[in-house]
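One structure is given below, encoded as structure tokens.
The values are calculated or read from the model by the stated rules, or taken from the named source; none is laboratory data. Computed from a prediction, not measured in an experiment: that's the story for all the values here. Note that we place each Cβ from the backbone using ideal geometry, even for glycine, and neighbour counts take in every protein chain shown. The accessibility values were calculated without ligands, DNA or RNA, using every heavy atom of the protein model including side chains. Shrake-Rupley method; radii C 1.70, N 1.55, O 1.52, S 1.80 Å.
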Amino acid sequence: MLALDFGAACVLVTTQGPITADDLTFARQLAHEAARYARSVERSLLTLNGGREAAPQGRAAA
């Protein structure tokens, strides 16, 4: 199970039944896309803050 909680938004991803190779493939793709998203948000935040990094505010739990 993967839970992402951002206050106003919450995403929960679970599998149905035993874990399969397809579940592993999906998990890897999800992790890859989440990392791309994080890099994009970081770049946007750095641009908005004039190159100064801000402290993270969100949380994710697995």
(message) Within region 27-58, take every residue that is outside any helix (DSSP H, G or I) and over 20 Å from Asp5 (Cβ atoms) and give me the one that is modelled with the lowest pLDDT.
(response) Glu53
(request) Name the single residue, out of those in region 1-26 being in contact (Cβ under 8 Å) with a residue 24 or more places away in the chain and not in a loop (DSSP other than H, G, I, E, B), that is least open to solvent (accessible area, probe 1.4 Å). (result) Ala3
